[in-house]
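Enquirer: Pasting a structure here, questions to come.
What follows is calculated from the coordinates using simple rules that are stated; it is not laboratory data. Since this is a predicted model, take the numbers as computed values, not measurements. In this analysis, Cβ positions are derived from the backbone assuming ideal geometry, glycine residues included, and neighbour counts consider all displayed protein chains.
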Amino acid sequence: MHAKARSTDPVTSHIAARGVDASGTADSQRAACLSEVVAQPGQTASEISVALELERIVGGKRLPELREAGLVKNGPSRACRVTGKRCMTWFPAIIT
């Protein structure tokens, strides 16, 4: 799994993605996000980021990577307790 930047993102986003991969930060963020989804299913990305005391954007970056790896899935959307906007929720892909 690797941090990603969209093809339309500026070069600085691609540099940042490579940096969080090289430092191991992306791996630790993914692990923390996955643990939070397992512990508290049904949260939004922003709620997960706040619960983990991470920058709010982190969940929005790492959760899709975990979804692509088959570890989490989206649930129904609802009003986010952090942003007040309607957002998708996150659940473990496999319930143990």
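Enquirer: Pairing the Cα long axis of helix 25-39 with the longest principal axis of the chain, what angle in degrees results, from 0 to 90 and rounded to the nearest 10?
Expert: For 25-39 against the chain, the angle is about 10 degrees.
Enquirer: With a Förster radius of 22 Å, plug the Cβ-Cβ distance of residue 15 and residue 88 into 1/(1 + (r/R0)^6) and report the FRET value to the nearest 0.05.
Expert: 0.20
Enquirer: Which value, in nm² and rounded to one decimal, describes the direction-averaged projected area of the C-alpha convex hull of the chain?
Expert: 6.3 nm²
Enquirer: Follow-up question, since we're still on this one. If amide H atoms are built 1.01 Å from N in the plane of the peptide, which residues on other chains or at least 5 residues away come under 5 Å of the amide H of residue 72?
Expert: 67, 93
Enquirer: Listing 25, 8, 44, 89 from the residue with the fewest other Cβ atoms within 10 Å to the one with the most, what is the order?
Expert: Lowest to highest Cβ neighbour count: 8, 25, 89, 44.
Enquirer: Which Cys residues of the chain have no other Cys beta carbon under 4.7 Å away?
Expert: 33
Enquirer: Quick one: order 38, 50 by neighbouring beta-carbon count within 10 Å, fewest to most.
Expert: Neighbour counts put them in this order, fewest first: 38, 50.
Enquirer: Sticking with this structure for a sec: Starting with the fewest neighbours, write out 14, 2 ranked by other beta-carbon atoms found within 10 Å of each beta-carbon.
Expert: If I rank by nearby Cβ atoms, fewest first, I get 2, 14.
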